[in-house]
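**Q** Please find one structure pasted underneath; my questions will follow.
The values are calculated or read from the model by the stated rules, or taken from the named source; none is laboratory data. Just so it is clear, the structure is predicted and the values come from calculations on it, not from any experiment. Here the Cβ is made from the backbone with ideal geometry for all residues, glycine too, and neighbour counts use every protein chain on show. The protein model used for the area step is the full one, side chains on, heavy atoms only, and it has no ligands, DNA or RNA in it. Shrake-Rupley method; radii C 1.70, N 1.55, O 1.52, S 1.80 Å.
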Amino acid sequence: MAAAGVGQQWVLVEMVQAFYEAPAYHLILEGILILWIVRLLFSKTYKLQERSDLTLKEKEELIEEWQPEPLVPPVPKDHPALNYNIVSGPPTHIITVNGKECINFASFNFLGLLNNEKVKSAAQSSLKKYGVGTCGPRGFYGTFDVHLELEERLAKFMRTEEAIIYSYGFATIASAIPAYSKRGDIVFVDEAACFAIQKGLQASRSNIRLFKHNDMADLERLLKEQETEDQKNPRKARVTRRFIVVEGLYMNRGDICPLPELIKLKYKYKVRIFLEESLSFGVLGQHGRGITEHFGINIDDIDLISANMENSLASIGGFCCGRSFIIDHQRLSGQGYCFSASLPPLLAAAAIEALNIMEDNPDIFQTLRAKCERIHKALQGISGLKVVGESFSPALHLQLEESCGSRENDVKLLKRVVDYCMNSGIALTQARYLEKEEKCLPPPSIRVVVTVEQTEQELDKAASLLKEAAQSVLN
């Protein structure tokens, strides 16, 4: 006991000695901290606001005066979204819009399969066998044998190991991107990317690096900057995935991506490439396999290819294709695949028959290309309008050479051109965007869509009428 008492005295002596030997600033700092802690312990955590009780009449007056914020911003009654054109009958080569028969230069029916008898017959047979819809996602009794057949046929057509189908075209790439790219990963994306890609990037919560449209020098600059950052923090770099996301043919521009240069950058900087081919599938290449066939690139150099089936295949939905281990991951993580009702069997059957026609008639792609080049040439030199897009793109854009000073006025002016053509029997449409949502809002434009059904005379008529409309409206 005596020894313990002596030990305690020595500890006390050492504490007092340390107190005297400590620097003055150290003692001051400790004193301030102690006072601050005491203040926090004894001070009130809140203060009651002084208020005067209101009478019942005053409360009623305040309630009557209060106006809640609008749920949505006010929209003018003449907004295009509220005044849409009404189509009666199939949107094929000849379309009836608002009761007027027109030549269709607006629908993305590139190969003319929407009203094809073989496609309709396949859909009707499937309708009799399976009924209208599926009423369940793929994992809950929504997988039909026709779905598996379509996936197998798409994989075989694209010469990949496996394919997966979605019931909604927009949701395909919007679901595929966040299935792989997560928070902390890095995505290099072309600033002209379509809205579906933008929503997929938003859902992924990844770090987005926009590069100038089709500017490989700007993309490499960003890749070099990231490489430098990775060297500073190699531990973080090892767990960070990097992707490049581009379109084959750009929906908002109508031009093609420089895929050979992208492949070089992929291997140089060790990134993955996601390729969105909704506009180029069934259009580019000798057999319609898209931009990889167009450039003669090994499809295994692309990590993931996605496309919708709503253009060339004249059906609904979309698909992704690639290596089996990549595609199988979407069956567990693709939101549009896991949580949406699967594609109606009749639409899957229609897509299979459309693939049969594409395989049996490879000349159809050369026919489409020739017609695209014909109208692209015919549209050159229109006073006040410029053609935007490749000569072989089936979706071209006509933009104003000079703006009127505001986007609203530009849109109204182009609408007058579209209405002029509509009244003369040519159905066109303006490109529409969610202006407040787009990352890089494209200029207003008129979209001209080419299909194999249009005759040379009709192509020339459309070009001539557009020149006439521009002369009348713009000049």
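**Q** What full-extension length gain, to one decimal in nm, is calculated for residue 300 and residue 419 as 0.36 nm per residue of separation minus the Cα-Cα distance?
**A** This chain segment gains 38.2 nm when fully extended.
**Q** If you don't mind, there's one more thing I want to ask. Using the alpha-carbon atoms, what tilt in degrees (0 to 90, nearest 10) does helix 117-130 show relative to the longest principal axis of the chain?
**A** Taking Cα atoms only, the helix is inclined about 50 degrees.
**Q** With θ taken as phi - 60° and the coefficients 6.51, -1.76 and 1.60, list the Karplus ³J(HN,Hα) couplings across segment 289-299 in order, rounded to whole Hz; mark glycine and proline as x.
**A** 3J(HN,Hα) across segment 289-299, in whole Hz: 7, x, 6, 5, 5, 4, 8, x, 9, 4, 5.
**Q** Related question: Can you list the lysines whose alpha carbon sits under 23 Å from that of residue 232, skipping same-chain ones fewer than 8 residues off?
**A** Of all the lysines, those that pass the test against residue 232 - Cα under 23 Å, at least 8 places apart if same chain - are 182, 224, 266, 268, 270.
**Q** Averaging sequence separations of C-alpha pairs under 8 Å and six or more residues apart, then dividing by the length of segment 117-360, give the relative contact order as a whole percent.
**A** 33 percent
**Q** Using r as the Cβ-Cβ distance of residue 464 and residue 218, and R0 as 35 Å, what FRET efficiency do you calculate, to the nearest 0.05?
**A** Step by step, r from the Cβ atoms, then E = 0.35.
**Q** Check which residues have an amide H placed less than 5 Å from residue 244's amide H, if you skip close sequence neighbours.
**A** When sequence neighbours closer than 5 places are left aside, the close amide H contacts are 188, 272, 273, 274.
**Q** Using the Karplus curve 6.51 cos²θ - 1.76 cosθ + 1.60 with θ = phi - 60°, what ³J(HN,Hα) values do you get for each residue of segment 382-396, in whole Hz, with x for Gly and Pro?
**A** Taking θ as phi minus 60°, the curve returns 6, 5, x, 10, 10, 8, 10, x, 5, 5, 9, 7, x, 10, 9 Hz for segment 382-396.
**Q** From the protein chains alone at 1.4 Å, what is the descending order of accessible area for 338, 421, 404, largest first?
**A** Per-residue accessible area, sorted high to low, gives 404, 338, 421.
**Q** If one computes the Cα centroid of segment 294-343 and of segment 190-244, what distance in Å separates the two points?
**A** 22 Å
**Q** Let me ask another. Spin-label point model (7 Å from Cα, Cβ direction): what's the residue 35 to residue 401 distance in nm?
**A** 7.8 nm
**Q** Measure off 7 Å from each Cα along the Cα-to-Cβ vector at residue 75 and residue 471, then give the distance between these two points in nanometres to one decimal.
**A** 3.9 nm
**Q** Let me ask something additional. What FRET efficiency do you get for residue 332 and residue 98 if R0 is 35 Å and r is their Cβ-Cβ distance, rounded to the nearest 0.05?
**A** After rounding, the FRET efficiency stands at 0.15.
**Q** How do 211, 108 stack up against each other in accessible area, from largest to smallest, with a 1.4 angstrom probe?
**A** 108, 211
**Q** Charges only on Cβ, +1 for Lys and Arg, -1 for Asp and Glu: so what's the dipole of the chain about the Cα centre, in debye to the nearest 20?
**A** 540 debye
**Q** When DSSP assigns beta bridges and you keep just the ones with both residues in the chain, what percent turn out antiparallel, to the nearest 5?
**A** 55 percent
**Q** Does anyone have the angle between helix 363-378 and the longest principal axis of the chain? Alpha-carbon axes, 0 to 90°, nearest 10?
**A** The answer is roughly 90 degrees.
**Q** Put 94, 173, 34 in order of accessible area, largest first, 1.4 Å probe: what do you get?
**A** The residues order as 34, 94, 173, largest area first.
**Q** In deg cm²/dmol, rounded to 500, what helix-only [θ] at 222 nm does the chain give when every DSSP H run of at least 4 residues adds -39500 (n - 2.57) and the total is split over its residues?
**A** -14500 deg cm²/dmol
**Q** Helix 259-269 sits at what angle to the longest principal axis of the chain, using alpha carbons and giving 0 to 90 degrees rounded to 10?
**A** Value to nearest ten degrees: 20.
**Q** Something else: How much of the accessible area of segment 117-360, in percent, comes from carbon and sulfur atoms when a 1.4 Å probe is used?
**A** After summing per-atom areas, the C and S share lands at 51 percent.
**Q** Just want the answer: with Cβ charges of +1 for Lys and Arg and -1 for Asp and Glu, which residue in 144, 397, 285 is farthest toward the dipole's positive end in the chain?
**A** After comparing all options, I get 144.
**Q** Among the aspartates and glutamates, which fall within straight-line cross-link reach of residue 212, defined as a Cα-Cα distance under 12 Å, with same-chain neighbours fewer than 8 residues apart omitted?
**A** Within the straight-line cut-off, residue 212 pairs with 190, 191, 220.
**Q** Let me ask another. Write out the trypsin sites (Lys or Arg not before Pro) in segment 231-330 meeting two conditions: DSSP loop, and at most 11 other Cβ atoms within 10 Å of their Cβ.
**A** Within segment 231-330, the qualifying trypsin sites (Lys or Arg not before Pro) (loop, at most 11 other Cβ atoms within 10 Å) are 270.
**Q** Do the alpha carbons of any pairs in 236/439; 118/156; 386/415; 100/415 sit beyond 24 Å of each other, and which pairs?
**A** 236/439
**Q** Also: With every protein chain left in place, what is the accessible area of residue 472 in Å² (1.4 Å probe, nearest 10)?
**A** We get 70 Å² for residue 472.
**Q** Based on the Cβ-Cβ distance of residue 28 and residue 233, what FRET efficiency does E = 1/(1 + (r/R0)^6) give at R0 = 41 Å, to the nearest 0.05?
**A** 0.60
**Q** Turning to a different aspect of this structure: Match the structure shown to one of the listed values (1) 22, 49, 23, 6, 0; (2) 23, 55, 18, 4, 0; (3) 20, 43, 19, 12, 5, 1 of P(r) over Cα pairs in 20 Å bins from 0, in percent, computed from it, and give that label.
**A** This structure yields the entry labelled (3).
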